[in-house]
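> My questions will all concern the structure given below.
The values are calculated or read from the model by the stated rules, or taken from the named source; none is laboratory data. For clarity, every value in this text was computed on a predicted model and none was experimentally measured. Here Cβ is always computed from backbone atoms with ideal geometry, including for glycine, and neighbour counts include all displayed protein chains.
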Amino acid sequence: MEATESVLCTLLAVDLNDYCYRVCSRCQRVLPSVNNNGLAYSSFCKFCKSNEPKLLYRILMSIATDTSVKTVICFDRVATVLFGCSADEFFHFTKLNPKAASMVDKVFDGEMLRMTLTRPHNRNAQHMRVASVVPLRSGFQPAIVTLTELCTKNASLGNCSTTKS
Ligand SMILES: [Zn+2]
């Protein structure tokens, strides 16, 4: 089995329950998302003593190739291609539009992609990692563009909807 493979696939589902993690924007070290009490968290980086966190994507996606269905993990650079904005921007967008996260699955439903998958060096890692992604549909637009259109169109209703006219 090769360490890297290129696949044509259809995107089936995007798991946004836990789609990002926080790092220190100066030294890129991962910051804990919860403290020892499991409650509030600190943005303070004890390594470089800064307090400038940023979010990075880390998303599990289900894809179907012509031979199998699998779950792959998608990190910041690749996810930014699909979402069209940084994880921080997406996070704020979902705060303003609480239904947006639940609409992502529908926005991406059936999207055809060419992915390069790599097998992680860490043998404990469960999922193949997406090294690159190329949307194949000619009318592809990043999720944030579609979501912004949907939420703007439905703003007068105070509601987002994925119903396409
Ligand atoms: Zn730091």
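> Of the residues Leu117, Leu56, Leu82, Leu113, only one is within 16 Å of the ligand (Cβ to nearest atom), surrounded by 13 or more Cβ atoms within 10 Å (Cβ to Cβ) and at pLDDT 95 or above; which? Steps first, answer last, please.
Working: Leu117 fails: within 16 Å of the ligand (Cβ to nearest atom); Leu82 fails: within 16 Å of the ligand (Cβ to nearest atom); Leu113 fails: within 16 Å of the ligand (Cβ to nearest atom).
Sole residue among the options that is within 16 Å of the ligand (Cβ to nearest atom), surrounded by 13 or more Cβ atoms within 10 Å (Cβ to Cβ) and at pLDDT 95 or above: Leu56.
> Another one. Filter segment 1-39 down to residues that are at pLDDT 90 or above and either within 13 Å of the ligand (Cβ to nearest atom) or touching a Pro at 6+ places or on another chain (Cβ under 8 Å) (or both), then give me how many there are.
9
> Could you give me the residue pairs with C-beta distances under 7 Å whose first residue belongs to segment 47-72 and is closer than 18 Å to Arg129 by Cα, whose second residue is within 16 Å of the ligand (Cβ to nearest atom) wherever it lies, and which are 6+ apart or on separate chains?
Going by the 7 Å Cβ cut-off, the qualifying pairs are Leu56/Tyr21; Leu56/Val23; Arg58/Tyr21.
> Can you give me the number of residues within segment 90-111 that are closer than 13 Å to Tyr19 by Cα and in contact with a helix residue (DSSP H, G or I) (Cβ under 8 Å, 6 or more places away or on another chain)?
Number of matching residues: 4.
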